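I have placed the structure first, in the form of structure tokens, so that the comments after it can refer back to it.
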Amino acid sequence: MKDIRGLVMRGHSAKIRALLLTPDDVDVVRWVGSGGPGVTTGQLAARLGCSIQSASARLSRLWRRGYLTREERTAPSGGIEYFYWRANV
């Protein structure tokens, strides 16, 4: 806790906030971690009842922050599809 206060006092509070997760993001990371061979954007969209674009943005944000790992694969349609796993931290 002392280390976090020191970071805030040195002007790094924005970086700390960027790493913090909302309760909904925590649920997504936990769910992705229980997904076996990887979770797709479509699977998350179906689970949350949201659009593919919204699910994609959430997974991508969690991946960029280091909470998820992803692998690019070729989709049956010939496009690119990402599979996400919980990152080993």
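Okay, here's what the table says:
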quantity	calculated
Trypsin sites (Lys or Arg not before Pro) restricted to DSSP loop in the range 7-85 with at most 11 other C-beta within 10 Å	Arg10
Cα-projected label distance for Ala75 with Asn88, points at 7 Å along beta-carbon direction, nm	3.0
Point-charge dipole on Cβ atoms (K/R +1, D/E -1) for the chain, about Cα centre, debye to 20	460
Karplus 3J(HN,Hα) series, Hz, for the range 19-24 with 6.51 cos²θ - 1.76 cosθ + 1.60 (x for Gly, Pro)	8, 5, 10, 6, x, 5
Amide H contacts of Thr69 (H built 1.01 Å from N, under 5 Å, at least 5 apart or other chain)	Trp85, Arg86, Ala87
Ellipticity estimate at 222 nm from DSSP helix runs (n ≥ 4, -39,500 (n - 2.57)) divided over the chain, nearest 500	-15000 deg cm²/dmol
Residue-by-residue Karplus 3J(HN,Hα) for the range 59-75, coefficients 6.51, -1.76, 1.60, Hz, glycine and proline x	5, 5, 4, 5, 5, 4, 7, x, 7, 10, 10, 9, 10, 8, 9, 7, 6
Of [x] 3, 15, 31, 29, 16, 6, 1; [y] 3, 13, 21, 22, 15, 10, 7, 6, 2, 1, 0; [z] 3, 19, 25, 21, 14, 10, 6, 2, 1, 0, the label for P(r) over Cα pairs in 5 Å bins from 0, in percent derived from the coordinates	[y]
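Read-outs: derived from the displayed coordinates by stated rules, not from any lab. Predicted, not measured: the structure shown is a model, and the values here were computed from it. Don't worry about glycine lacking a Cβ; one is built from the backbone with ideal geometry, like all the others, and counts go over all protein chains shown.
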